[in-house]
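Each remark here refers to the structure printed beneath this line.
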Amino acid sequence: MVVMAPARCCVPGERLCSLEDCVPGYGTYCKHGYIFSSLSGYVVKKSNNGLMPVISVVRDTDSHLLPNVGSIVTCKVMSINPRFAKVQIMYIGVTALKNTFRGTIRKEDIRATEKDRVEVYKSFRPGDVVVAKVISLGDAQSNYLLTTAENELGVVVAHSEAGATMVPISWCEMQCPKTHMKEPRKVARVQPEFLQTK
């Protein structure tokens, strides 16, 4: 992925470019065929392997980025118990964070269907990399509440006991390419823009 340097400063409501030239990213919105800034900050274009570039607006440093409700985040599972998985948020969208945030994926937020039959240990394991969505800014412990109850959300990278990166074979299973052992997971249907986080 090629990242271009911040080009210029902008203010909320400033017209950045046509929808024909770029895909809207963080800190932007679309109106009448154009992309506008919704923040004060720097305009950043990221061209992604020949696809249409993504235009975003960032603050003076990425360290000021905070997950918002609705943000897609990439996180690492730190621990699990029968009620929830504790995670560390490492990316907001495709932007790596300098400081990670704590998050929780509750049992009832793992899948959209059959919520009463979900088992946390059959969905995630410590060390898994998960794409999730922020649903709440959390509780007094400053944990963000996350969900994986969409097809695009769930485990994107997992390692088997043999240390190999497992391959998804269905929406609920991954397989070790070395031992061919299968393990249950809540597997994400990965969108192309998240592939570089592996």
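Here are some notes:
- Checking (i) 2.07; (ii) 1.11; (iii) 1.27 against Cα Rg over 2.2 N^0.38 Å calculated from these atoms, the matching label is (ii).
- About the Cα centre, charge dipole magnitude for the chain (Lys/Arg +1, Asp/Glu -1 at Cβ), debye: 300 debye
- Between LYS178 and LEU137, the simple label model (points 7 Å from Cα in the Cβ direction) yields a spacing of 4.5 nm.
- Given +1 at the Cβ of Lys and Arg, -1 at the Cβ of Asp and Glu and no other charges, the dipole of the range 67-162 around its Cα centre is 220 debye to the nearest 20.
- Measuring with a 1.4 angstrom probe and ignoring ligands and nucleic acids, THR95 comes out at about 20 Å² accessible.
- Accessible area of TYR34 (1.4 Å probe, protein heavy atoms only, ligands and nucleic acids ignored): about 80 Å².
- Looking at the range 71-127, the GluC sites (Glu not before Pro) that sit in a DSSP loop and have at most 16 other Cβ atoms within 10 Å of their own Cβ are GLU114, GLU119.
- Amide proton proximity set for TYR34, modelled H, under 5 Å, gap of 5+: LEU19
- Computed over protein heavy atoms with a 1.4 Å probe, the carbon and sulfur contribution to the accessible area of the range 94-185 reaches 51%.
- Close amide-amide hydrogen proximity is noted between MET90 and THR74, CYS75, LYS76, each under 5 Å apart and 5 or more residues distant or on a separate chain (H modeled in the peptide plane; Pro and chain starts excluded).
- ³J(HN,Hα), Karplus 6.51/-1.76/1.60, whole Hz, each residue of the range 32-45, x for Gly, Pro: 6, x, 10, 9, 10, 7, 9, 9, 8, x, 9, 7, 10, 10
- Accessible area (Å², per residue) of the range 105-175, counting only protein heavy atoms and a probe of 1.4 Å: 50 Å²
- Positive dipole terminus of the chain, leading residue within CYS10, SER170, ILE80 (C-beta point charges): ILE80
- Normalising the average separation of contacting C-alpha pairs (under 8 angstrom, six or more residues apart) by the number of residues puts the relative contact order of the chain at 14 percent.
- Rounded accessible area of LYS45 (nearest 10 Å², 1.4 Å probe): 80 Å²
The values are calculated or read from the model by the stated rules, or taken from the named source; none is laboratory data. Bear in mind the structure is a predicted one, so any value in this text is a computation, not a measurement. Cβ: placed from backbone, ideal geometry, glycine included. Neighbour counts: every protein chain shown. These accessible areas exclude ligands, DNA and RNA; they are computed on the full protein's heavy atoms, side chains included. Shrake-Rupley method; radii C 1.70, N 1.55, O 1.52, S 1.80 Å.
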